[in-house]
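Engineer: Got a structure here, written out as structure tokens. Questions coming.
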Amino acid sequence: MTTSSVKKNMLPPSLVNNLQEVLLSRKGGNNNNNDEHRKDDSVAAGDSTEPSTSTSNENDSSKPVVLVTNGEGIDSLGLVYLVQALVRLGLYNVHVCAPQLDKSVSGHSVTVRETITATPAEIDGVTAYEVSGTPVDCVSLALSGALFSWSRPLLVISGINRGSSCGHHMFYSGVVAGAREALICGVPSLSLSLNWKREESHESDFKDAAAVCLPLINAAIRDIEKGVFPKSCFLSIEVPTYPSKNKGFKLSKQSVWRSAPSWQAVSANRHPSAAHFMSNQQSLGIQLAQLSRDASAAGAARRLTTQRKNVEIESVGAVKSDTNKVKKFFRMEFVDKEQEDTDEDLDFRALENGFVAVTPLSLSPQIESDIQTAASDWISGVHHEEQ
């Protein structure tokens, strides 16, 4: 197991202490007793948890309430395996409120001036709803008291996302937005992502990723109950590509890493289907809008999503629908690029090196002193020029 100090990170001392306790708490071996999971946390993957004797915990008011959401939709494997792991523990009263459709790159968007639907979903051992909105909609609705009978959960967990949310990807990420919205509402939260790689990753990796995250989830709930969990940030937890071979948790700093967006023009002559793409997209949009307004059609919406799961989505720009206007077609892809920053404490570096990167994210980012000084000098210069 490896612990790592973070240089010049300005992290809350309580967070550093709590994480170090998790890192060092289980040098003496594994313990499979469920009652010990919240006291004794391992940093290695693969700790087994015995199934609960009861398949439903939704009516047990004595257990801490945990709300689970995600960005990729209620049917995603990451959410399914995470919920199963939490239910098997038998320690928590688990509720789920997640999008009907994939909203993994919706950022912190909300639905306004439209009615959204919340439809009961069947997930063993939990109370669950699928919502025709974004991850932020789901968390906001769940915490409002209008959907669930409880006042609010002890912890909100968003994930497990298929793909890293490191660096600037957090601004696009729906899974991170779900956790951020919880913090805005005053509820502690965690965002979970798996560094999924095409041709390398397998569906079973989500199950391993859930097992990897359980010790930190248990520690977070324990410290929330004690009143010592940090209130000024939420934690973004990034699980490496091979979860069962992880090197342990590592406290990391948010980087400025991101994949490079690459926009390519699509020729209607070379791609005849492109000429019909706008009308098809509009038709699909109407279908989805109708489905999202009809709670009874939630299953159909899910089937439609499944059918289109492997279809590349193109962004299409058009002047107008007028046939006399020239339409231009584009598609965007993210392309990975090499990063020159060698700081081993950065989130993406820790992830690349096989660690579970744990990054605290705040609602009020602190501006470094040199940036503050530079901005102050610039504003002063502009002010003097105007006088």
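Engineer: Pull up all non-local amide H partners of Ser236: gap of 5 or more, or a different chain, and H-to-H distance under 5 Å with H placed in the peptide plane.
Structural biologist: Ser191, Thr359, Leu361
Engineer: HN-Hα J couplings of the range 165-179 from phi, Karplus 6.51/-1.76/1.60, θ = phi - 60°, integer Hz, Gly and Pro as x?
Structural biologist: 10, 5, x, 6, 5, 4, 6, 8, 6, x, 5, 5, 4, x, 5
Engineer: Pop out the ³J(HN,Hα) list for the range 86-103 in order, Karplus 6.51 cos²θ - 1.76 cosθ + 1.60 with θ = phi - 60°, rounded to Hz; leave Gly and Pro as x.
Structural biologist: For the range 86-103, the Karplus-derived couplings read 5, 5, 4, 4, x, 9, 10, 9, 9, 10, 10, 9, 9, x, 5, 10, 5, 10 Hz, x marking Gly and Pro.
Engineer: Follow-up question, since we're still on this one. What's the FRET efficiency of Lys226 with Lys325 using the Cβ-Cβ distance as r and R₀ = 56 Å, to the nearest 0.05?
Structural biologist: Working: r = 63 Å, r/R0 = 1.13.
Efficiency, from the Cβ-Cβ distance: 0.30.
Engineer: Can you bin the range 169-238 into rounded, prolate or oblate? Criterion: square roots of the alpha carbon gyration tensor eigenvalues sorted a ≥ b ≥ c, rounded for a/c under 1.5, prolate for a/b above b/c, oblate for the rest. Write out the running numbers ahead of the final one.
Structural biologist: On the way: a/c = 3.51, a/b = 1.51, b/c = 2.33.
In terms of gyration-tensor shape, oblate.
Engineer: Also, quick follow-up: For Gly107, list long-range residues whose amide hydrogen, built 1.01 Å from N in the peptide plane, is under 5 Å from its own amide hydrogen.
Structural biologist: Those qualifying (amide H under 5 Å, at least 5 residues apart or on another chain) are Ser173, Gly174.
Engineer: List the relative contact order of the range 87-220 as a percent without decimals, with contacts defined as Cα pairs under 8 Å and 6+ residues apart. Show your work: numbers first, answer last.
Structural biologist: Working: 201 pairs, mean separation 31.4, N = 134.
Averaging sequence separation for qualifying contacts and normalising by length gives 23 percent for the range 87-220.
Engineer: Let me ask you something else. Normalised by the number of residues in the range 69-156, what is the relative contact order in percent for Cα pairs under 8 Å and 6+ residues apart?
Structural biologist: That works out to 31 percent.
Engineer: Could you compute the net charge surrounding Val80? Neighbours are other residues with a C-beta less than 11 Å from the C-beta of Val80; K and R count +1, D and E count -1. Walk me through the numbers on the way to the answer.
Structural biologist: Values: positive: Lys207; negative: Glu72, Asp75, Asp124, Glu203.
It works out to a net charge of -3.
Engineer: Related question: Subtract the Cα-Cα distance of Lys245 and Thr373 from 0.36 nm times their separation in residues, and report this length gain in nm to one decimal.
Structural biologist: Values: separation 128, 0.36 × 128 = 46.08 nm, distance 4.41 nm.
Result for the pair: 41.7 nm of gain on full extension.
Engineer: Can you flag which of Lys207/Lys328; Lys207/Lys231; Lys197/Lys327; Lys226/Lys250; Lys63/Lys197; Lys197/Lys250 are past 32 Å Cα-Cα? Show your work: numbers first, answer last.
Structural biologist: Values: Lys207/Lys328 43 Å; Lys207/Lys231 29 Å; Lys197/Lys327 35 Å; Lys226/Lys250 23 Å; Lys63/Lys197 36 Å; Lys197/Lys250 21 Å.
Those over the limit are Lys207/Lys328; Lys197/Lys327; Lys63/Lys197.
Engineer: Determine the dipole magnitude for the range 114-193: charges of +1 sit on the beta-carbon of Lys and Arg, -1 on that of Asp and Glu, nothing else is charged, the reference point is the Cα centre, and the result goes in debye to the nearest 20. If you can, show how the numbers build up before the last one.
Structural biologist: Details: 3 positive and 6 negative charges, 60 e Å.
Using Cβ point charges on Lys, Arg, Asp and Glu, the range 114-193 gives about 280 debye.
Engineer: Additional query: Across the range 199-212, in residue order, what do the Karplus-derived ³J(HN,Hα) couplings come to in whole Hz, using 6.51 cos²θ - 1.76 cosθ + 1.60 with θ = phi - 60° and x for Gly and Pro?
Structural biologist: With the stated coefficients, the range 199-212 comes to 6, 10, 7, 10, 4, 5, 5, 5, 5, 5, 5, 4, 5, 5 Hz.
Engineer: What FRET efficiency, computed as 1/(1 + (r/R0)^6) with R0 = 45 Å and r the Cβ-Cβ distance, is obtained for Asp60 and Glu333, rounded to the nearest 0.05?
Structural biologist: Details: r = 47 Å, r/R0 = 1.04.
The computed FRET efficiency comes out at 0.45.
Engineer: Top to bottom by accessible area (1.4 Å), largest first, where do Thr373, Thr241 land? If you can, show how the numbers build up before the last one.
Structural biologist: Working: Thr373 75, Thr241 10 Å².
Final ranking, largest accessible area leading: Thr373, Thr241.
Engineer: Protein chains only, probe 1.4 Å: how do Trp150, Trp196, Trp378 rank by accessible area, largest first? Provide the component values of the computation, followed by the final result.
Structural biologist: Details: Trp150 35, Trp196 65, Trp378 175 Å².
Solvent-accessible surface, decreasing: Trp378, Trp196, Trp150.
The values are calculated or read from the model by the stated rules, or taken from the named source; none is laboratory data. Since the structure is predicted, the reported quantities are computational estimates derived from the model, not experimental observations. We place every Cβ from the backbone using ideal geometry, glycine too, and count neighbours over all the protein chains shown. Remember, those area values only see protein heavy atoms, side chains included, never the ligands or the DNA or RNA. Shrake-Rupley method; radii C 1.70, N 1.55, O 1.52, S 1.80 Å.
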